[in-house]
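Undergrad: My questions will all concern the structure given below.
The values are calculated or read from the model by the stated rules, or taken from the named source; none is laboratory data. No experiment lies behind these values; they were computed from the predicted model shown. Positions of Cβ are backbone-derived with ideal geometry, glycine not excepted, and every protein chain shown enters the neighbour counts. These accessible areas exclude ligands, DNA and RNA; they are computed on the full protein's heavy atoms, side chains included. Shrake-Rupley method; radii C 1.70, N 1.55, O 1.52, S 1.80 Å.
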Amino acid sequence: MEGTNELVLTFDSRPCNEGMVRVAVAAFCTQLNPTLEEVSDVKTAVSEAVTNAIIHGYEGKIHKITVRCVVEKRSLMVEVRDNGIGISDIKKAMEPMFTTKPEQERSGMGFTFMEAFMDEVSVESKPGEGTVVYMRKTIGR
């Protein structure tokens, strides 16, 4: 489609890859000429979604995570997909301070941060099949 651009990254669910993905998505969104604050917002939201996939989706086991980014007009769409354990109660998982891993000192603020830094956040998940986090941000309001 004219006026769109797409990036797809598939990588191992290793914590060391989270920083690489943050930088790749930030670099991809520079075509929209974002402010430093907008880049920081996107990086934080992507980091939270990828970290959730690593820690909760795959429970530390090494599998694949796919991040898909699409730029269309002034909008950046980011999709973070895992094929992990899934989320049985999405509404509960998205509540501030809710965590399934308190022993790991998880704050339970991942989805809250995603919602704070992006314009739209939605989640689709099936237990035993995985989770997809969809996020959208308009750049240069």
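Undergrad: What residue, of 41, 89, is of a type outside the set (S, T, N, Q), under 19 Å from residue 115 (Cα atoms) and modelled with pLDDT under 95?
TA: Step by step, each of 41, 89 is checked, and only 89 is of a type outside the set (S, T, N, Q), under 19 Å from residue 115 (Cα atoms) and modelled with pLDDT under 95.
Undergrad: Residue by residue through the stretch 1-32, note down the ones that are in a loop (DSSP other than H, G, I, E, B), touching a residue at least 60 places away in the same chain (Cβ under 8 Å) and not hydrophobic (A, V, I, L, M, F, W, C).
TA: 3, 13
Undergrad: Got a number for residues in the stretch 68-78 being without any contact (Cβ under 8 Å) to a residue 60 or more places away in the chain and touching a helix residue (DSSP H, G or I) at 6+ places or on another chain (Cβ under 9 Å)?
TA: Residues meeting the conditions: 1.
Undergrad: Tell me, which residue of the stretch 110-141 that is at pLDDT 85 or above and in a loop (DSSP other than H, G, I, E, B) is most open to solvent (accessible area, probe 1.4 Å)?
TA: Here the residue is 129.
Undergrad: Do any residues in the stretch 117-130 that are more than 15 Å from residue 53 (Cβ to Cβ) and without any contact (Cβ under 8 Å) to a residue 40 or more places away in the chain have Cβ atoms under 7 Å from those of residues that are part of a strand (DSSP E or B) and open to solvent by less than 30 Å² (accessible area, probe 1.4 Å), where the two are at least six apart or on different chains, and which pairs are they?
TA: 119/137; 120/135
Undergrad: Output the residues belonging to the stretch 69-87 that are in a strand (DSSP E or B) and of a type outside the set (Asp, Glu).
TA: Answer for the stretch 69-87, where residues must be in a strand (DSSP E or B) and of a type outside the set (Asp, Glu): 69, 70, 71, 75, 76, 77, 78, 80, 81.
Undergrad: Tally time: how many residues in the stretch 64-89 are closer than 15 Å to residue 130 by Cβ and either surrounded by 15 or more Cβ atoms within 10 Å (Cβ to Cβ) or in contact with a His (Cβ under 8 Å, 6 or more places away or on another chain) (or both)?
TA: The first filter runs over the stretch 64-89 and keeps only residues closer than 15 Å to residue 130 by Cβ, leaving 64-68, 79-88.
Remaining after also requiring either surrounded by 15 or more Cβ atoms within 10 Å (Cβ to Cβ) or in contact with a His (Cβ under 8 Å, 6 or more places away or on another chain) (or both): 65-68, 79-87.
Residues flagged as closer than 15 Å to residue 130 by Cβ and either surrounded by 15 or more Cβ atoms within 10 Å (Cβ to Cβ) or in contact with a His (Cβ under 8 Å, 6 or more places away or on another chain) (or both) within the stretch 64-89 amount to 13.
Undergrad: Could I ask something else about it? In this structure, does residue 107 turn out to be part of a loop (DSSP other than H, G, I, E, B), modelled with pLDDT of 65 or more and polar (S, T, N, Q)?
TA: no
Undergrad: Residues 21, 8, 42: which one is at negative phi, open to solvent by 60 Å² or more (accessible area, probe 1.4 Å) and of a type outside the set (D, E, K, R)?
TA: Of the residues listed, the single one that is at negative phi, open to solvent by 60 Å² or more (accessible area, probe 1.4 Å) and of a type outside the set (D, E, K, R) is 8.
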